[in-house]
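Worksheet: the structure to be examined is printed underneath.
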């Protein structure tokens, strides 16, 4: 996790903590779940905090970590505002819009090892047996492990979501959201949230 990403996660936690400290009678909810993103083509786990300002407006902050796939790890930090379209008997349907920051890290060290397979081991053995002067690849062999890249993309979220109570304090949640920006993707999230 890069310094930039850690800083954003810390800011998110501090904002959620501040919201929690000022929360009164179930105005704050927190939970987690699973997310699938289309362009990332993978499943991730998410954590989210939600603050209910009034009957029509809510705000959330969340972090999603997508499992490593094809030597790439993705994660996303989201801050969204919700406008409640309908609410009855604890069920809520809302439209959402907000900011997204998507992070990626490509680690091809494993890919180089997979591609070289036993060739790398044989070359190491030959170098030990014949001395360091036997290296037909020159310095390039020793630097083959450095194929890494990381970065981030800023985007805008638009979508729709809902909550349905499954007990007096627990809610089942679902969200369909499209992120527009450097990393365009549609995501579907399901989870549970606890009302404090």
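The values are calculated or read from the model by the stated rules, or taken from the named source; none is laboratory data. Because the structure is a prediction, the values reported are computed rather than measured. Cβ: placed from backbone, ideal geometry, glycine included. Neighbour counts: every protein chain shown.
Can you find even one residue in the range 101-109 that is modelled with pLDDT of 70 or more, surrounded by 13 or more Cβ atoms within 10 Å (Cβ to Cβ), assigned by TED's automatic domain parsing to the domain that holds residue 38 and closer than 20 Å to residue 58 by Cβ? No, because not a single residue in the range 101-109 is modelled with pLDDT of 70 or more, surrounded by 13 or more Cβ atoms within 10 Å (Cβ to Cβ), assigned by TED's automatic domain parsing to the domain that holds residue 38 and closer than 20 Å to residue 58 by Cβ.
Take the range 143-168 and flag every residue that is surrounded by 11 or more Cβ atoms within 10 Å (Cβ to Cβ), at pLDDT below 95 and not in a strand (DSSP E or B). Within the range 143-168, 144, 145, 147 qualify.
For the range 76-90, a residue qualifies if it is modelled with pLDDT under 95 and touching a strand residue (DSSP E or B) at 6+ places or on another chain (Cβ under 7 Å), and exactly one does: 90.
Could you please give the count of residues in the range 28-68 that are closer than 11 Å to residue 187 by Cβ and surrounded by fewer than 18 Cβ atoms within 10 Å (Cβ to Cβ)? Total satisfying the criteria: 6.
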